[in-house]
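Undergrad: One structure is given below, represented as structure tokens, and several questions about it will come after.
The values are calculated or read from the model by the stated rules, or taken from the named source; none is laboratory data. Since this is a predicted model, take the numbers as computed values, not measurements. Every residue, glycine as well, gets a Cβ built from its backbone with ideal geometry; the counts of neighbours run over all protein chains shown. We work out accessible area using only protein heavy atoms, side chains counted, and drop any ligands, DNA or RNA first. Shrake-Rupley method; radii C 1.70, N 1.55, O 1.52, S 1.80 Å.
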Amino acid sequence: MTETPLRAARAPRETKAAGLEPLAVLPVFVPLRGKRVVLAGSSGGAPWKVKVLAAAGAHVDVYAPDPGEELRAVPGEIVDGSVTLHERAWTPDDLWGAAFCIGALEDEAECVAFVVAARGAGAIVNAVDRPHLCDVKFGAIVNRSPLVVGISTEGAAPVFGQTVRARIEAMLPRGFARWVGAARDWRDGVTARFHGFAERRAFWERFTDRAFAEPDRAPSDTDLAELLGETEAAPKGGAVTLVGAGPGDAELLTLKALRALRNADVILYDDLVAPEILDYARREARTMLVGKTGHGPSCRQDDINALMVQLARSGKQVVRLKSGDPLVFGRAGEEIEACRAAGIPVTVVPGVSAAQGAAAALGVSLTHRDAARRLQFVTGHDRRGALPDDLNWGALADPSVTTVIYMPKRTLRALLARAVEEGLAPSTPALLVFNATRPNQQALRGTAADLADRVEAAGLEGPALLMVGTAFSEMRSAVTEDGAQSRMVV
């Protein structure tokens, strides 16, 4: 047997996030409590804007010669701040001392004059229904104050923005207002108690977890005491978390994986991790590519282990982000052993495996009771990249088993040929899935006897998974033999 040469080595390297995409507007929040605001006119939307301004704690002076019944009723309906209605036209002198001025005026020329005068008085300006005259614009609001969410479509689709607001409203329990209020009340005490940034962040992470677990009750002093105690009792220093990123689709991340990414100081990730998954990390986190690709230049495992330990010893919270599930052909065992040998706390967050993701995307059961009595995962190559010598060929030839072979591309022909020699029926359905769960997922269907020829002719690229067994017998309509209709959308 000809030995496959060892893969070229490469070193871990730090990567930078692509950054924000272009913003149509800059979302900012303006504190108005105790400040004077002027609204001139009574055109459409004026009553609502006055209520919003007062709800933010502003003292609102409204100048309108003919306010209408709805606007006249506003001073008696406010929940905060104050509203004074002046039933006359505005003058430039009325604008001095205002932090924010809104023109709700029908006449374009009068609105332009109002904007010029308001800017001359040093105020921020909004002109209702005239975006070209605005310094700032109103958007849809989700109010869980002090948690406030603003939504803007830059005037392109107001109804769409309102629908988004309704969806977010449904997702955010009203009880969050009490929890964010408690955070505001407790912040100074927490800062005084914990001088280090890492401890303060750990406190607020526990606080957030508790708020999401019990959003509909009011937090109490007991919660504060328990959270302070848990934070003080927690082990100090760095730690490592092995996180399964799933096969590619970012929506397959678990909640625990999202929490780990949110809490990480440094993320060490592989080439096969989908780039959009890194978008869930907190923006301050460092990201380092420690690429390990099948049969290509890869970082040495010893170098990755040493880097994890070094970073954790320096006090960092390290996430080792792996494609699929770290416990399924992800070398998790070696990394866990390295951390334990160095005395570094290490935990594992499992992920959706490539096998599960591919089967779900194709709508096939790996353990259909009429086709499979057992499910087995097998590696397609050994340390040298060659076909392993110690595979259990009898198990591979078992007609009642579904076999999933990871990293099979280089050894596909030899593996299937040997399996047939050892008793696997040549007609057994076989499927090679490329880029499982990703938008560019493709799959080729054949048999144990001819799949290798079909794959070679198709020339498809990407991480691949071989699936063999009679469980795939009924997939001809979903996965064509030439791969042309290869992704079943459900």
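Undergrad: Among the chymotrypsin sites (Phe, Trp or Tyr not before Pro) in the stretch 176-217, which ones are in a DSSP loop with at most 15 other Cβ atoms within 10 Å of the Cβ? Mind listing them?
TA: Passing both the DSSP loop test and the Cβ count: no residue.
Undergrad: Nearest 10 degrees, 0 to 90: what angle lies between the long axis of helix 412-421 and the longest principal axis of the chain (Cα atoms)?
TA: Rounded to the nearest ten degrees, it is 40.
Undergrad: Further question on the same structure: Can you tell me the dipole magnitude for the chain around its Cα centre, using point charges on the Cβ only (Lys, Arg +1; Asp, Glu -1), in Debye to the nearest 20?
TA: 1180 debye
Undergrad: Pairs of Cα atoms under 8 Å, at least six residues apart: use those to get the relative contact order of the chain, whole percent.
TA: Relative CO of the chain lands at 11 percent.
Undergrad: To the nearest Å, what is the center-to-center distance of the stretch 418-454 and the stretch 59-128, using C-alpha atoms only?
TA: 71 Å
Undergrad: Same structure, new question: For LYS49, which lysines qualify as cross-link partners when the Cα separation must be under 22 Å and same-chain residues fewer than eight apart are set aside?
TA: Cα-Cα hits under 22 Å: LYS35, LYS137.
Undergrad: Of the chain, which part is the longest with no GluC sites (Glu not before Pro) in a loop (DSSP not H, G, I, E, B) and with at most 16 other C-beta atoms within 10 angstrom?
TA: Segment 285-421 is the longest.
Undergrad: Mind checking the angle between helix 301-313 and the chain's longest principal axis? C-alpha axes, 0 to 90 degrees, to the nearest 10.
TA: 40 degrees
Undergrad: Further question on the same structure: Of the beta bridges DSSP finds with both residues in the stretch 68-218, what % are antiparallel, to the nearest 5?
TA: 55 percent
Undergrad: Run lengths n ≥ 4 of DSSP H only: what is the helix-derived mean residue ellipticity at 222 nm for the chain, with -39500 (n - 2.57) per run over all residues, to the nearest 500?
TA: Estimated from H runs of four or more residues: -9500 deg cm²/dmol.
Undergrad: Accessible area of the chain with a 1.4 Å probe: how many percent of it is carbon plus sulfur?
TA: That fraction is 54 percent.
Undergrad: Nearest 5 percent is fine: what portion of the DSSP beta bridges confined to the chain is antiparallel?
TA: The antiparallel proportion sits near 35 percent.
Undergrad: Something else about it: With a cut-off of 8 Å between alpha carbons and a minimum separation of six or more residues, what is the relative contact order of the stretch 382-443 in percent?
TA: 30 percent
Undergrad: Still on this structure: Could you tell me which of rounded, prolate or oblate describes the stretch 349-391, using a ≥ b ≥ c as the square roots of the eigenvalues of the alpha-carbon gyration tensor, with rounded for a/c under 1.5 and, failing that, prolate when a/b is larger than b/c and oblate otherwise?
TA: Since a/c reaches 1.5 but b/c is at least a/b, the shape of the stretch 349-391 is classed as oblate.
Undergrad: Please list, or write none, the lysines whose alpha carbon is within less than 17 Å of the alpha carbon of LYS256, excluding same-chain residues fewer than 8 places away.
TA: LYS322
Undergrad: Find, among the trypsin sites (Lys or Arg not before Pro) in the stretch 56-154, those assigned to loop by DSSP (not H, G, I, E, B) with at most 16 other beta-carbon atoms within 10 angstrom.
TA: Those satisfying the criteria are ARG88, LYS137.
Undergrad: Taking square-rooted eigenvalues a ≥ b ≥ c of the alpha carbon gyration tensor, is the stretch 240-315 rounded, prolate or oblate, where a/c under 1.5 means rounded and, failing that, a/b exceeding b/c means prolate?
TA: Cα axes put the stretch 240-315 in the oblate bin.
Undergrad: Okay, moving on. What do you get for the angle between helix 158-171 and the principal long axis of the chain? Use alpha-carbon atoms, 0 to 90 degrees, nearest ten.
TA: The angle comes out at about 70 degrees.
Undergrad: Moving on to the next point. So, in Å, what gap is there between the alpha-carbon centers of the stretch 372-391 and the stretch 340-355?
TA: When both Cα centres are located, 22 Å separates them.
Undergrad: Of the listed values (i) 27.4; (ii) 22.4; (iii) 23.4, identify the label whose number matches Kirkwood radius over Cα pairs in Å calculated from this model.
TA: The calculated read-out lines up with (i).
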